[in-house]
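This report refers to the structure that appears directly beneath it.
The values are calculated or read from the model by the stated rules, or taken from the named source; none is laboratory data. This is a predicted model, so every value here is computed, not measured. Note: ideal-geometry Cβ built from the backbone for every residue, glycine included; neighbour counts use all protein chains shown.
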Amino acid sequence: MKVDPSSVRTKIAREAASLLYTGIEKEFKQAKLKAARTFNVKFLPTNLEVALELDRIAEEQEGIARKERLVRMRTEALKLMQMLKALKPILTGSVWRGTIHRGSDIDIAVYHDEPEDVLRVLKLNGIRITHSEWVRVTEKGKREGSFYIYVESSSKEKVEIRLSNPEDEGKREKCDIYGDIIKGLHTPELEKVLKENPTRQFLPS
């Protein structure tokens, strides 16, 4: 009997997504490799295929509560971004895309090289800062670093604020998962989304 590879591919993507959703695996690559071993095959689905299955699983498991939480998380993000408006913050990650699941947090990017400035604004506004740290990565032989501030929103959502080199502002960055350019939402854009279509998704067309 001939096996339909597209069907097996979908099953692998679904299994990998399930591993990510349940927290058994944290990284897409490891989830795909484990899922492929489960079906005893060599080929792997793309990150996009797994991400779309993960979105479906989250919708099936969380239903209307997921949409309500997305609106709440975007509203919380807007409050923080308004506090940091002088630094032109950008909402990124799953809250921007509208693909949150139960393990998601709020991701905000700012291009600023003085962490104390951001910490001061957050403290003045009574935001609970859980911790902060420098995270350094090596990419294509070049060592770079970003300062991360982790806070808790008024509705107890986890928030990750990433400070990057101001010189990198405006650079087009490709998403490793969806394969498109990471655009995110600036404050006026997020305000518009919340007013017109608060659960809108931003996925590759």
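Assess whether L163 counts as being modelled with pLDDT under 95, under 28 Å from P204 (Cβ atoms), surrounded by 13 or more Cβ atoms within 10 Å (Cβ to Cβ) and touching a Ser or Thr at 6+ places or on another chain (Cβ under 9 Å). It is true that L163 is modelled with pLDDT under 95, under 28 Å from P204 (Cβ atoms), surrounded by 13 or more Cβ atoms within 10 Å (Cβ to Cβ) and touching a Ser or Thr at 6+ places or on another chain (Cβ under 9 Å). The residues on offer are E76, E68, E15, and the sole one that is more than 16 Å from the chain's Cα centre (by Cα), modelled with pLDDT of 95 or more and assigned by TED's automatic domain parsing to the domain that holds N125 is E68. So, in the stretch 166-178, how many residues would count as being touching a residue at least 12 places away in the same chain (Cβ under 8 Å) and either within 13 Å of R97 (Cβ to Cβ) or surrounded by 15 or more Cβ atoms within 10 Å (Cβ to Cβ) (or both)? The qualifying residues number 2.
Looking for something within 23 Å of E173 (Cβ to Cβ), among the aromatic types (F, W, Y) and out of contact with any Gly (no Cβ under 9 Å at 6 or more places or on another chain) - is there at least one such residue anywhere in the stretch 23-45? Yes, the stretch 23-45 has at least one match. Filtering K123, K67 for residues that are among the basic types (K, R) and in contact (Cβ under 8 Å) with a residue 12 or more places away in the chain leaves a single hit, K67.
Exactly one residue among I129, I182 is surrounded by 11 or more Cβ atoms within 10 Å (Cβ to Cβ) and within 17 Å of the chain's Cα centre (by Cα), and that residue is I182.
Screening the candidates Q61, Q82 for the property of being polar (S, T, N, Q) and either in a loop (DSSP other than H, G, I, E, B) or closer than 22 Å to N197 by Cβ (or both) yields one hit, Q82. Pairs linking a residue in the stretch 185-205 that is in contact (Cβ under 8 Å) with a residue 12 or more places away in the chain to a residue that is among the small types (G, A, S) and surrounded by 11 or more Cβ atoms within 10 Å (Cβ to Cβ), with Cβ atoms under 7 Å and 6 or more positions apart or on different chains, are L190/A77; T199/G98; R200/G98; Q201/G98; F202/G98; P204/G179.
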